[in-house]
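For reference, the structure discussed in these notes is given below.
Values in this text are rule-based calculations from the coordinates and carry no lab data. A quick note: this is a predicted structure, and the numbers were derived from the prediction, not measured. When we count neighbours, we look across all protein chains shown, and the Cβ atoms used for this are built from the backbone with ideal geometry, even at glycine.
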Amino acid sequence: VRPFLDGFDVDFGGYLDDPTELPPGERLAKFAGQLCYMSFGERRTFNAVAKAYFENILAQGHGSVLQHVNLTFLIYGADRSFTHELVRHGTGTAFSQESQRYVDGKVLRFVARPEFVADPEELALFEQRIDRTAAEYEALAERLRLKMLADPTFAALSRTEQRKRVNQTARAILPNETEACIVVTANVRAWRHIIEMRASMHADAPIRKVASKVLSILREEAPLLVGDYVVDGETASTPYRKV
Ligand SMILES: Cc1cc2nc3c(=O)[nH]c(=O)nc-3n(C[C@H](O)[C@H](O)[C@H](O)COP(=O)(O)OP(=O)(O)OC[C@H]3O[C@@H](n4cnc5c(N)ncnc54)[C@H](O)[C@@H]3O)c2cc1C
């Protein structure tokens, strides 16, 4: 940024020496927003009042400024129905999800819903069910492997391709309770929308928990970009929806 600012006849020299430090995301978003009006001189909004600056951005709905700030999360211990809901948020997001075709039964895990965890009988039923499912999955995969190996076309395939063909058929019997690890990156504008949709009483409990956790981390990493949210347990609301 410094060579850029130094290239003007106007004195923008002090911009990077603002005595108030901002977290990196807020610094980037504020710079991007101020570039729109070339507000780098003495009369600019200083970092000390960045809170008011971002409140105005939120109130005016200038959400593109928030798109410069991206946060990535590794989410595990969440099941396939959760990821199915999460990946519907395709705008401003990137996902890398564990493949049930490449990954075989050795790393298979299952996730108990909070309702089951809270009830010992339902938890016992869950445990019996996943033991049964894991055993059935293994037996089916073995049967498919043996049957396919008898076919010379299959036997000639690479080991990876063979594994994929077995797994893609065997996974048909896996339930929604199967864990699906996922890495998700989203910009703050997209995260805000996800939080508004999912940190809501209308959302399912697992995705509500994740949305609420993401908000609590955002409040540490980029507090001024989410300072408008009112949090109540695992739900959050804001006067500035869909910025
Ligand atoms: C409580 C709840 C219940 C739900 N129930 C169901 C259900 O029964 N069945 C079901 O199928 N889904 C359901 N959904 C999913 C929901 O319909 C959305 O698909 C999901 O929340 C993703 O949000 P989004 O569409 O805003 O997408 P995002 O990717 O988060 O998009 C953000 C915003 O970008 C804009 N945008 C994105 N794509 C386009 C586009 N193609 N054209 C124009 N503008 C676009 C929209 O303004 C959108 O809101 C449910 C969601 C919730 C929260």
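In plain terms, the residue of D11, D17 with the fewest other Cβ atoms within 10 Å comes first and the most crowded comes last, giving D17, D11.
Note on K164: lysines with a C-alpha under 18 Å away, same-chain residues under 8 apart excluded, are K106, K147. Comparing L174, L144, L224 in a Gaussian network model of the chain, where Cα atoms under 10 Å apart are tied by springs, the biggest mean-square fluctuation is seen for L144.
If the segment from R145 to Q34 were pulled out straight at 0.36 nm per residue, it would be longer than the present Cα-Cα gap by 33.9 nm.
Only Cα pairs under 8 Å and 6+ residues apart enter the sum, and on that basis the relative contact order of the range 17-161 stands at 18 percent. Taking other residues whose beta carbon is less than 10 angstrom from the beta carbon of F154, and scoring Lys, Arg as +1 and Asp, Glu as -1, yields +1.
For T153 and A118, a Förster radius of 51 Å and the Cβ-Cβ distance give a FRET efficiency of 0.50, rounded to the nearest 0.05.
A simple charge model with +1 on the Cβ of Lys and Arg, -1 on the Cβ of Asp and Glu and nothing else charged puts the dipole of the range 10-87 at about 140 debye relative to its Cα centre.
If the chain linking V230 and H68 were pulled fully straight, counting 0.36 nm for each residue of separation and taking away their Cα-Cα distance, it would gain 56.0 nm.
Separation of the range 124-152 from the range 1-60 is 59 Å, based on Cα centroids.
Only helical runs count toward this figure. For the chain, summing -39,500 (n - 2.57) over DSSP H runs of n ≥ 4 and dividing by all residues gives -14500 deg cm²/dmol at 222 nm. The ellipsoid that matches the Cα gyration tensor of the range 98-158 has semi-axes, each √(5λ) in whole angstrom, of 34, 13, 6, with the longest given first. In the chain, Cα pairs under 8 Å separated by at least six residues give a relative contact order of 28 percent. The phi torsions of the range 126-134, fed into the Karplus equation with coefficients 6.51, -1.76 and 1.60 and a -60° offset, translate into couplings of 4, 5, 4, 5, 6, 4, 5, 5, 4 Hz, rounded to whole numbers, with Gly and Pro shown as x.
The mean sequence separation of alpha-carbon pairs under 8 Å and at least six residues apart, normalised by the residue count of the range 1-99, gives a relative contact order of 26 percent. Of the chymotrypsin sites (Phe, Trp or Tyr not before Pro) found in the range 90-150, those in coil by DSSP whose Cβ has at most 13 other Cβ atoms within 10 Å are Y102. Only lysines eight or more places from K242 in sequence, or on another chain, were considered; those with a Cα closer than 30 Å are K30, K51, K209, K213. Between P114, P223, P206, the residue with the greatest mean-square fluctuation in the GNM of the chain (Cα pairs under 10 Å linked by springs) is P114.
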